[in-house]
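Read-outs: derived from the displayed coordinates by stated rules, not from any lab. What you are looking at is a predicted structure, and each value in this text was computed from that prediction instead of being measured. Reconstructed Cβ throughout: ideal geometry from the backbone, glycine too, with neighbour counts over all protein chains shown.
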Amino acid sequence: MNTKTLKALTIAGSDSGGGAGIQADLKTFQELDVFGMSALSAVTAQNTLGVNGVYPLSTEAVSKQIDAVTADIGIDAVKTGMLFSTEIIEVVARKVKQYEWGNVVVDPVMIAKGGSRLLQEDAVKAIKEQLLPVSFVITPNIPEAEVLTNKPIRTLEDRKEAAKQLYGLGVKNVVIKGGHDEGQTELIDLLYDGKEFHSFTSKRIETKHTHGTGCTFSAAITAELAKGKDILDAVRVAKAFIHAAIENSLGIGNGHGPTNHWAYRNVRGGDVK
Ligand SMILES: Nc1ncnc2c1ncn2[C@@H]1O[C@H](COP(=O)(O)OP(=O)(O)O)[C@@H](O)[C@H]1O
Ligand SMILES: Cc1ncc(COP(=O)(O)O)c(N)n1
């Protein structure tokens, strides 16, 4: 019995609606038996219909939150979500190196599903040049992978090329998520570990309640890495976790509702090959 309490830190934005951001991350960590902590990058006034306001925190606030957690508690894995600006990305990259974090999961949040910008356009460069070289895995959705590689992604072959290109920026593993593959009845998340590709396939669930799916997915990867799982097993659990969360969504709000972060505990394993 592993008596050590495993701990994960999320460095991301607050989603007042509770479905994405640090709220999704902390709920997911908890469901996977990992003690969750958070360093906020920004506060958003948000619900299932969209984002009504974005209020970034100062670099000092981000830096001090990270230091406070690391100095006293320590972490076994960390994820980044919404980071908003070049300045905040630079702080985070500096902390990764200062604390010699190994299990760093970068979810390159750029645009909320409602269309609001959560990352300034000029900050993409900092993700590529400063954060990726010191990260363990990046988990872009298809539009984010297109921005990061500056190439359109239409086919599975395009996705493989994009994964290789992102790997070339220094990150150890790349997961290109398939949720935005419109019109497909099967969704494929593609993992590239520098040597080979692994596909995680599931049926597309017909629902509009997919708010925070990427946050939840990357938080599940983070929690599993905190437990010492390898990337393959971490992604496998995350895929099952998010599938259960979407399949059993709660129908909250009048727009894109959140997923069900406690579904996985009842349907462990999920419908994933
Ligand atoms: N309608 C859906 N049915 C089943 N799985 C989905 C659906 N939408 C997204 N997913 C899964 O949720 C995870 C997050 O993917 P995606 O929605 O593309 O991320 P993001 O929220 O960053 O846009 C992936 O594992 C993806 O396959
Ligand atoms: C604070 C915050 N972080 C991330 C997302 C992305 O979630 P989604 O892609 O489901 O809109 C969000 N909407 N809000």
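Note down the magnitude of the dipole of the chain about its Cα centre, charges +1 on Lys and Arg C-beta and -1 on Asp and Glu C-beta and zero elsewhere, to the nearest 20 debye.
Computed about the Cα centre, the dipole is about 300 debye.
Annotation: the residues His209, His180, sorted from fewest to most other C-beta atoms within 10 Å of their own C-beta, follow the order His180, His209. In plain terms, the residue of Arg236, Arg94 with the fewest other Cβ atoms within 10 Å comes first and the most crowded comes last, giving Arg94, Arg236.
Peptides 15-26, 140-151, ordered by how many other C-beta atoms sit within 10 Å of their residues on average, highest first, read 15-26, 140-151. Entry note, the stretch 36-113: relative contact order of 31 percent, from Cα contacts under 8 Å with a spacing of 6+ residues.
Once you reduce the stretch 206-258 and the stretch 122-189 to the center of their Cα atoms, the two points are 18 Å from each other.
Here the stretch 54-95 yields Rg over Rh of 0.96, to two decimals, using C-alpha coordinates and the Kirkwood radius.
Over the stretch 7-267, Cα pairs under 8 Å with separation of 6+ residues give a relative contact order of 20 percent. Over all pairs of different C-alpha atoms, the stretch 1-133 has a mean inverse distance whose reciprocal, the Kirkwood radius, equals 15.0 Å. Which whole-number percent gives the relative contact order of the stretch 111-266, counting Cα pairs below 8 Å spaced six or more residues apart? Rounded, it is 16 percent for the stretch 111-266. Ranking Gly115, Ser41, Ala68 by Cα position along the charge dipole of the chain, where only Lys, Arg, Asp and Glu carry charges on their C-beta atoms, puts Ala68 farthest toward the positive end. Residue separation of Thr155 and Ala45 scaled by 0.36 nm, minus their Cα-Cα distance, works out to 36.0 nm of gained length. Looking at the stretch 1-91, the trypsin sites (Lys or Arg not before Pro) that sit in a DSSP loop and have at most 16 other Cβ atoms within 10 Å of their own Cβ are Lys4.
Once divided by 2.2 N^0.38 Å, the Cα radius of gyration of the stretch 79-203 becomes 1.02. Charges were assigned to the Cβ only: +1 to each Lys and Arg, -1 to each Asp and Glu. The resulting dipole of the stretch 136-184 about its Cα centre is roughly 220 debye. The label-point distance for Gln30 and Ala71, in a model that sets each label 7 Å from Cα toward Cβ, rounds to 2.7 nm. Cα gyration tensor of the chain, axes a ≥ b ≥ c as square roots of the eigenvalues: rounded (a/c below 1.5), prolate (a/b > b/c) or oblate? Rounded, because the longest to shortest axis ratio a/c is under 1.5. Judged by the ratio a/c of the largest to the smallest principal axis of the C-alpha gyration tensor, the stretch 151-273 counts as oblate, that ratio being 1.5 or greater while a/b is no larger than b/c. In plain terms, the residue of Met110, Met37, Met82 with the fewest other Cβ atoms within 10 Å comes first and the most crowded comes last, giving Met110, Met37, Met82.
Over the residues of the chain, the helix contribution to mean residue ellipticity at 222 nm works out to -10500 deg cm²/dmol, using -39500 (n - 2.57) for each DSSP H run of at least 4. Applying both filters, DSSP loop and at most 11 other Cβ atoms within 10 Å, to the GluC sites (Glu not before Pro) of the stretch 166-260 gives Glu182, Glu196, Glu206.
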